[in-house]
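One structure is given below, encoded as structure tokens.
The values are calculated or read from the model by the stated rules, or taken from the named source; none is laboratory data. Just so you know, these numbers come straight off a predicted model, no measurement behind them. Virtual Cβ from ideal backbone geometry, glycine too; neighbours counted across all protein chains shown.
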Amino acid sequence: MAIWSRLTTCVSRCKIWTAAVSIRSRSSWARAMSNRVRALSRSVERFPIGDEALLIVAPVGDIAELEREATEEELLSLEGITSPHRRAERLSWRRALRSVEGDAEIEYEEQGAPIIKNSQYKHISVSHCRDRVAVLLSVRECGVDIECRDRRFSAIAERYLSAEEYLVAERERIDCQTMLAIAWSAKEAVYKLLRREGVDLRRDMRIEAISTEQQSIVVEACGERVDLRYILDCDHQIVYTIKKEDHNIE
């Protein structure tokens, strides 16, 4: 009961949180990545992850401009999407992908997840927030999530975070809003990695560890360990994971 009380207090405080919170990036990798994300403007940014993956981050463009530039196949992929912003999100990540993998072909699973073909990468994961899209390309299965950091994660915290998981934040002295934010993105990235129906973010996943030094997260999901990396700046956060042959790690 005491643990749950602390979490409830934390969530209540987060509901009146208005200022962006940042974590000082202490590792050279974290500083480099965070600085590049912070510098995003209108350009498409590319972040190589070793020799096996590429993270692409781009702005959500103007829908009229995007539709003028889109290929016939990309316009056909908008069938059934009526919201202008949702259409802009779809075309923005397709344009970002085209700038890197011009010959790549995209198909969609029944659940809507994209599948990449005719590319040096075998797997793709896509995410978008209010003003940015993220595309993760990898030779192995992967998952990515991007979010605006001013999103009210406290409003949905009980759907994905247990009281026990908040103890992880206490051990690392992570503030409440940051914990709620990166926990959500971590579980969203894992959900995309697993691609299993019926997986519940709270019941089937648990945050085991967070390192602010390495900007890394460990999640136990459906009996498996999943390792993730995260990138923060004042406005956005990105969490991603890439599956290795023996386990998941960046």
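Some points to look at:
- Residue match in segment 125-144 (condition: modelled with pLDDT of 90 or more and among the acidic types (Asp, Glu)): yes
- Residues being of a type in the set (S, T, N, Q) and crowded, with 21+ Cβ neighbours inside 10 Å - total across segment 111-145: 3
- Evaluation of Ser28 against the conditions (1) at pLDDT below 95; (2) more than 30 Å from Glu170 (Cα to Cα); (3) surrounded by fewer than 15 Cβ atoms within 10 Å (Cβ to Cβ); (4) of a type in the set (Ser, Thr, Tyr) shows that the sole unmet condition is (2).
- Qualifying residue in segment 76-97 (condition: outside the structural domain of Thr178 (by TED's automatic domain parsing), surrounded by 18 or more Cβ atoms within 10 Å (Cβ to Cβ), in contact (Cβ under 8 Å) with a residue 12 or more places away in the chain and assigned to a strand (DSSP E or B)): no
- Subset of segment 95-123 (residues that are modelled with pLDDT under 90 and on the phi > 0 side of the Ramachandran plot): Gly112
- Index of the failed condition, Ser43 passing every other in (1) closer than 15 Å to Val239 by Cα; (2) in contact with a Pro (Cβ under 9 Å, 6 or more places away or on another chain); (3) surrounded by fewer than 19 Cβ atoms within 10 Å (Cβ to Cβ): (1)
- Residues of segment 98-120 classified as among the β-branched types (Val, Ile, Thr) and in a helix (DSSP H, G or I), total: 1
- Listed by position, the strands (runs of 3 or more DSSP E) inside segment 187-246 whose residues that are in contact (Cβ under 8 Å) with a residue 40 or more places away in the chain and surrounded by 23 or more Cβ atoms within 10 Å (Cβ to Cβ) number at least 1 are 205-211, 224-232, 236-242.
- Among the residues of segment 146-171, just one is in a helix (DSSP H, G or I), in contact with a strand residue (DSSP E or B) (Cβ under 7 Å, 6 or more places away or on another chain) and surrounded by fewer than 20 Cβ atoms within 10 Å (Cβ to Cβ), namely Val168.
- Which listed residue is charged (D, E, K, R), in contact with a helix residue (DSSP H, G or I) (Cβ under 9 Å, 6 or more places away or on another chain) and farther than 16 Å from Gly61 by Cα, from Glu109, Glu105: Glu105
- Complete set of residues in segment 49-68 that are of a type outside the set (Val, Ile, Thr) and modelled with pLDDT of 95 or more: Ala53, Leu54, Leu55, Ala58, Pro59, Gly61, Asp62, Ala64, Glu65, Leu66, Glu67, Arg68
- Scanning segment 121-143 for residues that are in a strand (DSSP E or B), of a type outside the set (S, T, N, Q) and farther than 13 Å from Ile238 by Cβ yields His123, Ile124, Leu137.
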